[in-house]
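Enquirer: Once you've had a glance at the structure underneath, I'll fire off some questions.
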Amino acid sequence: MKLNEILGQKEVISGLVNAFQQDKVGHAYLFSGQKGLGKKTVARIFAGMLLCEKETGDESCGVCQACSMYLEHSNPDYFEIDTDEKSIGIEEIRKLQSDIIIRPMYSKRKIYVIIDGDKMTVQAQNCLLKILEEPPSYAVIIMTISNYDAILETVRSRSVRLPFSKNSPEEVRRALDLKLSGIHKDLDFIISYSDGVIGTALELAGSDEFSALREKTMEILVQISKSKLLDVFRIYDFFEANKNEIDTILDIMLLFYRDMLVLSKAGKENILINSDKKDIIKGNVSAWSDLQLVRNIEIIEQTRKNLKYNANYQLSIEVMLMKLREEYHSW
């Protein structure tokens with residue numbers, strides 16, 4: 001794939017291509033932005049361009065020895081750190097430090113990609129800083145990061161920051177069209193829910209469980225207003241069974257109440273995120289006042305915050321459900 005074939009990120013890609021064509025590639029880059037925006041993909045394609053012996057312009061040739069070895073994950077001039085561990089320690093950077101002093105074997109450059117570079121410990125970043133202070137002329141270091149503030153100022157100042165922006169709804173739709181073999185029944189919702197993050201949209205579209213999770217969550221939200229107090233504890237079973245998906249469930253709940261509030265205030269169905277569920281939203285909006293809907297949103301947000309700070313899961317969810325039920329009966 002060429003850089004120019006990637007959907008979105010036009011400024012980033014244009015900057016990289018121009019730097020490459022003008023032989024003004026920097027020694028260190030920070031690809032920053034939330035997960036799912038294509039930072040890792042761009043880093044790897046750019047790395048392939050930089051390694052290519054033919055330097056064809058905006059893509060690697062794919063046939064020279066350097067390209068062939070890169071595609072086979074055996075090019076010694078390419079070094080990547082990508083770990084599932086919670087942090088990247090100093091030992092990983094020391095390996096990079098030991099490798100970087102060896103001149104390239106097949107290309108005129110050696111490329112180092114650090115995935116989720118914001119997971120580097122302070123010690124690891126300080127070790128990297130020693131490299132960035134006097135990098136070899138042939139070395140290019142690319143770090144993908146989601147949390148720019150987690151990077152030391154000294155590392156930032158020696159790197160070129162390239163911020164990745166959210167994609168337009170049209171770009172997200174095009175990405176889904178390219179990946180999906182047929183029409184997805186939740187397509188419009190997924191596009192809105194992904195909020196311009198193609199990675200999120202592709203993950204949801206590829207999940208058979210997501211549609212069922214969304215259906216059940218919305219069913220529960222309708223039930224809450226009609227439930228008795230004891231029913232809350234039965235409803236909790238769903239949240240316990242889907243504990244690992246609680247962030248997604250809370251998002252679905254928020255968007256449900258958000259849509260009812262939008263419909264109540266603006267009366268426009270075409271701006272609903274849950275546009276495919278507009279009949280359900282229209283059928284329930286009159287049961288809530290605007291103030292109650294705002295409070296419901298606040299209750300869910302507070303629950304998310306409590307869980308983030310390791311509050312008891314069962315207690316937090318049961319309290320949330322009881323408060324949502326009480327809001328309905330307070331009108």
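Coordinate-derived values only; no laboratory data. Remember, predicted model here, so these are calculated numbers, not experimental data. As a convention, Cβ positions derive from the backbone with ideal geometry for all residues, glycine included, and neighbour counts pool all protein chains shown.
Enquirer: Relative contact order (percent) for the range 113-215, with alpha-carbon contacts under 8 angstrom and 6 or more residues of separation?
Expert: Working: 72 pairs, mean separation 25.0, N = 103.
That works out to 24 percent.
Enquirer: Just Leu315, Leu263, Leu293 to compare: in a GNM of the chain, with alpha carbon springs under 10 Å, which one fluctuates most?
Expert: Leu315
Enquirer: Nearest 10 degrees, 0 to 90: what angle lies between the long axis of helix 208-224 and the longest principal axis of the chain (Cα atoms)?
Expert: Roughly 30 degrees, rounded to the nearest 10.
Enquirer: Further question: Using just the helices of the chain, give the 222 nm mean residue ellipticity in deg cm²/dmol: DSSP H runs with n ≥ 4 each add -39,500 (n - 2.57), and the total is spread over all residues, rounded to 500.
Expert: Working: 15 runs with 179 residues, N = 331.
Calculated mean residue ellipticity at 222 nm is -17000 deg cm²/dmol.
Enquirer: Quick one: helix 290-308 against the long Cα principal axis of the chain, what's the angle to the nearest 10°, folded into 0 to 90?
Expert: 50 degrees
Enquirer: Pairs of alpha-carbon atoms within less than 8 angstrom and 6+ residues apart define the contacts here; what relative contact order does the chain have, in percent?
Expert: On the way: 441 pairs, mean separation 54.3, N = 331.
The normalised contact order for the chain reaches 16 percent.
Enquirer: Give me the one-decimal nm value for the distance between modelled label points at Phe238 and Asn126, 7 Å along each residue's Cα-to-Cβ direction.
Expert: My value for the distance between the label points is 5.1 nm.
Enquirer: A further question on this structure: Tell me whether the range 98-181 comes out rounded, prolate or oblate; compute the Cα gyration tensor, take square roots of the eigenvalues as a ≥ b ≥ c, and use a/c under 1.5 as the rounded threshold. Mind showing how you got there, number by number?
Expert: Details: a/c = 2.86, a/b = 1.62, b/c = 1.76.
The shape class here is oblate.
Enquirer: How high is the FRET efficiency between Lys228 and Ala311 when r is their beta carbon distance and R₀ equals 30 Å, given to the nearest 0.05?
Expert: Values: r = 25 Å, r/R0 = 0.85.
Plugging the Cβ-Cβ distance into 1/(1 + (r/R0)^6) gives 0.75.
Enquirer: So, with +1 on the Cβ of K and R and -1 on the Cβ of D and E, and no other charges, what is the size of the charge dipole of the chain about its Cα centre, to the nearest 20 debye? Each step should come with its number before you reach the end.
Expert: Values: 43 positive and 49 negative charges, 101 e Å.
Charge dipole of the chain: 480 debye, to the nearest 20.
Enquirer: Taking 7 Å along the Cα-to-C-beta vector as the label spot, tell me the Asn147-Ser98 distance in nanometres, rounded to one decimal.
Expert: 2.9 nm
Enquirer: In a Gaussian network model over the chain where Cα atoms closer than 10 Å are linked, find which of Phe233, Phe189, Phe46 has the largest mean-square fluctuation.
Expert: Phe233
Enquirer: Once you have a ≥ b ≥ c as the square roots of the Cα gyration tensor eigenvalues for the range 33-129, tell me rounded if a/c is under 1.5, and otherwise prolate or oblate according to whether a/b is larger than b/c.
Expert: On the way: a/c = 2.48, a/b = 1.49, b/c = 1.66.
The shape class here is oblate.
Enquirer: If you line up the long axis of helix 313-329 against the longest principal axis of the chain, both from Cα atoms, how many degrees apart are they, to the nearest 10?
Expert: Here the helix axis deviates by roughly 40 degrees.
Enquirer: Between Arg161 and Asp276, how many nm apart are label points set 7 Å from Cα along the C-beta direction?
Expert: 3.8 nm
Enquirer: Still on this structure, please answer the following. Considering the values (i) 156; (ii) 126; (iii) 138, which represents volume of the Cα convex hull per residue in Å³ as calculated for the structure under consideration?
Expert: Answer label, from the structure shown: (i).
Enquirer: OK, next. Scan around Met120 for amide H atoms under 5 Å from its own, H built in the peptide plane at 1.01 Å from N, and keep only partners 5 or more places away or cross-chain.
Expert: Placed amide hydrogens put Ile88 under 5 Å from Met120.
Enquirer: Oh, and also: HN-Hα J couplings of the range 33-49 from phi, Karplus 6.51/-1.76/1.60, θ = phi - 60°, integer Hz, Gly and Pro as x?
Expert: Going residue by residue, I get x, 5, 4, x, 9, x, 4, 5, 4, 5, 4, 6, 5, 4, 4, x, 4 Hz, with x marking Gly and Pro.
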